[in-house]
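Below you'll find the structure, written out as structure tokens, and then a few comments.
The values are calculated or read from the model by the stated rules, or taken from the named source; none is laboratory data. Note that the structure is predicted; figures quoted are calculated from it, not measured. Cβ sites come from the backbone with ideal geometry, for glycine too, and all protein chains shown count toward neighbours. Remember, those area values only see protein heavy atoms, side chains included, never the ligands or the DNA or RNA. Shrake-Rupley method; radii C 1.70, N 1.55, O 1.52, S 1.80 Å.
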Amino acid sequence: MPEILHRLWPDPAELTDADLEELYDYPPDLTKPWVQVNFVSSADGAVTVNGRSAGLSSPGDKKVFALGRDLADVVLVGAGTARAEGYKGVKRTEMRTERRARLGLAPVPPITVITASANLDPASPLISGTEVPTIVVTCESAPAERRKALADAGADVVVAGQDTVDVRALLAELGERGLHRVCCEGGPTLFGELIVTDLVDQLCLTIAPLLAGGGAGRIVSGSPVTAGLDMTTESVLRDEDGFLMLRYRRT
């Protein structure tokens with residue numbers, strides 16, 4: 001039986017797939033990258049259980065997560081998260097193929113992975129098992145042999161920054177490629193960098209009805225900001241397992 005999501009706010013309703021698509025779609029006629037960040041956390045703020053976010057998910061959360069990929073031009077992720085979660089290239093599904101064709105999007109979005117050191121396994125499914133080349137964004141200081149090995153394995157290697165990845169330069173590069181609908185899937189360090197550089201347009205946050213206890217980090221880490229980014233609550237959904245899907249957009 002398909003997972004049914006109920007909107008609690010602003011207008012209580014049982015949502016169809018078409019309703020969800022309209023609710024989560026990107027703004028029309030974008031001319032530069034617009035960044036949506038997706039995260040899940042426990043009710044007490046943990047970002048992982050046993051080191052992975054999968055322990056905090058539900059069928060409803062997975063449905064919204066997949067929708068984020070369906071609607072995006074590109075999926076953005078940090079290398080640590082990609083390794084911990086066993087990332088692969090985005091695959092076609094019947095619904096994804098129909099939806100993306102109808103919206104005029106490419107058959108699947110590429111994964112863009114950020115790694116200052118270019119420390120990725122060229123033989124991993126993230127690099128070698130993708131339908132479209134993975135974009136690897138790294139730094140001038142990354143060893144040349146690592147960059148070459150990734151390029152030889154089929155990755156599209158981009159240099160953005162000297163010793164750390166410049167996320168502004170990264171997004172400018174994605175914009176030059178016409179990849180404006182950016183779906184960022186973490187991790188906490190990348191999210192922190194996007195906040196510091198004032199580049200977060202929307203946060204989709206799932207709250208799991210679970211107390212994970214101490215030990216796990218928050219959904220964001222890194223440098224503090226002098227003033228927080230003001231967000232507006234746009235929607236609150238609930239699935240049949242009691243998970244809440246919150247959507248915040250820049251004021």
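With a 1.4 Å probe rolled over the protein heavy atoms of all chains, the accessible area of 31, 164 falls in the order 31, 164, largest first.
Binning all Cα-Cα separations of the stretch 19-59 at 5 Å, short to long from zero, yields these whole-percent fractions: 5, 16, 18, 17, 13, 16, 11, 4, 0.
Taking the alpha carbon gyration tensor of the stretch 1-148, multiplying each eigenvalue by 5 and rooting it gives semi-axes of 30, 20, 14 Å, largest first. Using a 1.4 Å probe on the protein chains only, how many percent of the accessible area of the stretch 80-153 belongs to carbon and sulfur? Within the stretch 80-153, the accessible surface is 55 percent carbon and sulfur.
In the calculated pair distance distribution of the stretch 16-103, what percentage of Cα-Cα distances lie above 19 Å? Considering the stretch 16-103, 47 percent of its Cα-Cα pairs are separated by more than 19 Å. With distances taken between every two different alpha-carbon atoms, the stretch 177-221 has a Kirkwood hydrodynamic radius of 12.5 Å. Packing around the peptides 42-49, 142-149, taken as the average count of other Cβ atoms within 10 Å per residue, puts them in this order, highest first: 42-49, 142-149.
Ordering 55-68, 150-163, 207-220 by mean Cβ neighbour count within 10 Å, with the highest value first, yields 55-68, 150-163, 207-220.
Computed about the Cα centre, the dipole magnitude for the chain is approximately 420 debye when only Lys and Arg (+1) and Asp and Glu (-1) carry charge, each at its Cβ.
Per-atom-type breakdown for the stretch 182-251 gives carbon and sulfur 53% of the accessible area (1.4 Å probe, protein chains only). Its alpha carbons considered, the stretch 118-251 gives a radius of gyration followed by a Dmax of 17.7, 50 Å. Considering the chain, its Cα convex hull presents a mean projected area of 13.7 nm². Close lysine pairs were tallied over the chain: pairs 8 or more places apart or on different chains with Cα atoms under 22 Å apart number 5. Surface analysis of the chain yields an accessible area of 48 Å² per residue, using protein heavy atoms and a 1.4 Å probe.
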